[in-house]
Amino acid sequence: MATSFSLSTKGMVHSAHTTVCSLSVLVSILYISSHALALPQCDFPAIFNFGDSNSDTGAWSATFGQAGPPAGETYFHTPSGRYSDGRLLIDFIVESLGLPNLSAYLDALGSNFTHGANFAAAASTIRPGFSPIPYNVQFYQFAEFQTRSQTIREQGSHGVFVIGGVFSKLMPKDDYFLRALYTFDIGQNDLTYGYGANMSTDEVKAYVPDVLDQFGTIIKKIYHQGGRSFWIHNTGPVGCLPYILDRLLITAAQIDRVGCATPFNEVAQYFNQRLKKAVAQLRIDLPLAAITYVDVYSLRYSLFSHAKKHGFKNPLRACCGHGGKYNFNAKVGCGGKITVNGAQILIGKSCKDPSVRVNWDGVHYTEAANKFVFDRIADGSHSDPPIPLKMACHRVHH
């Protein structure tokens, strides 16, 4: 009886301690949130974005060829350099701040960089050596852009040459680099490239610390060049994406109740835990920076786990694709064609209604899914600290 009483007592004490801790965290969050709401909105005159295909608005297309129809069909009604039927998370972020859509730094035609630039490129990784346009190259491009854009503005203001006068109006002002919001959405490919190289999930997890060290190094470099406001997305549930589910060896026991591959999602969650700790350290190392960690993972997983509740259907199937359980075919993807009797026939077609689908092409999200996530991160309820997007220039102490 004594032993039973002791265990029960310990259980009650543990339960009480857990409750107190939970209440303490809740009070802290409510305090920070109320404090944040009392702050003035930030005046972000520009956005500089770094990332992979989840936020690429034209870099890969300008370099290696356009992502053809039906990409862009929902919003732009034409291919727009985006791997989606419409807008990406970055597009909604930019629009909500009253800024024009970001031009890709590598797109030479029709670009306007007055209010920022997008350095994100499809297939990009944080670690170099796996992608033609990795994260460090994006930083080199940014550094070059920062210097040359001001040279062009100065030449234009002095009428040095006609071309300078024209392009000077398409460049950001010098103080914009200090006042801008720097956004990041990268890391997914660092994980999936490991799987593509037949690495185990443990082997992939083993190099995550090195990946995040390199991520932090670039943040510090941007900070030392004047950047102060950073908005960092964590990585999504890659184990729910058709290109992972269809191509990698997964046993029935590794599939969760939703239909996603648990081992790959666990690695993504491990990456995110380490990323959150890395961000906390960056706040210490960069005392003048306002750094917001944004949990897009939980929202994207919710699209798969509670699709019907959120108004979506068939979350694990690609909207645009051809054949198979997940409507995904690595050889004939979205927009893919085959030749029949000398004629090109489109077989990688879009679904009838992308607005109720989560996945666009087996790898990327639909505009509807991107908007769902944006609508829930904009108010800061999925951020650390819990500060709204429009107030992300403020340093809020935990």
| said: Just to be sure before I move on: is S298 open to solvent by 60 Å² or more (accessible area, probe 1.4 Å) and among the small types (G, A, S) in the structure I sent? | reply: no
| query | What pairs come up if the first residue lies in segment 251-268 and is closer than 12 Å to Y301 by Cα and among the hydrophobic types (A, V, I, L, M, F, W, C), the second is open to solvent by less than 20 Å² (accessible area, probe 1.4 Å) and not in a helix (DSSP H, G or I), and their beta carbons are under 7 Å apart, counting only those six or more places apart or on different chains? | reply | C260/P237; A268/T235; A268/G236; A268/P237
| note | Okay, helices (runs of 4 or more DSSP H) sitting entirely in segment 107-189 with 2 or more residues that are modelled with pLDDT of 95 or more, open to solvent by 30 Å² or more (accessible area, probe 1.4 Å) and within 30 Å of Y243 (Cβ to Cβ), I get 135-157
| query | Of everything in segment 312-354 that's touching a helix residue (DSSP H, G or I) at 6+ places or on another chain (Cβ under 9 Å) and of a type in the set (S, T, N, Q), which residue is most open to solvent (accessible area, probe 1.4 Å)? | reply | N314
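Name the single residue, out of those in segment 269-295 being of a type in the set (D, E, K, R) and open to solvent by 50 Å² or more (accessible area, probe 1.4 Å), that is farthest from N54 (Cα to Cα).
D285
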| query | If the Cβ limit is 8 Å and pairs must be 6+ apart or interchain, which residue in segment 299-319 that is in contact (Cβ under 8 Å) with a residue 24 or more places away in the chain pairs with which residue that is in a loop (DSSP other than H, G, I, E, B) and hydroxyl-bearing (S, T, Y)? | reply | L316/Y326; R317/Y326; A318/Y326; C319/S350; C319/T366
| task | Could you look through segment 190-204, keep only residues that are in a helix (DSSP H, G or I) and open to solvent by 70 Å² or more (accessible area, probe 1.4 Å), and pick out the one that is nearest to A123 (Cα to Cα)? | result | Y193
| query | So which residues in segment 375-385 are at negative phi and open to solvent by less than 20 Å² (accessible area, probe 1.4 Å)? | reply | I377, S383, P385
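Would you mind finding the one in P69, P45, P79 that is at pLDDT 90 or above, open to solvent by less than 60 Å² (accessible area, probe 1.4 Å) and under 26 Å from S131 (Cβ atoms)?
The conditions single out P79.
The values are calculated or read from the model by the stated rules, or taken from the named source; none is laboratory data. This one's a predicted model, so the numbers in the text were calculated from it and none came from an experiment. Here the Cβ is made from the backbone with ideal geometry for all residues, glycine too, and neighbour counts use every protein chain on show. What goes into the accessible areas is simple: the full protein's heavy atoms, side chains included, and nothing from ligands, DNA or RNA. Shrake-Rupley method; radii C 1.70, N 1.55, O 1.52, S 1.80 Å.
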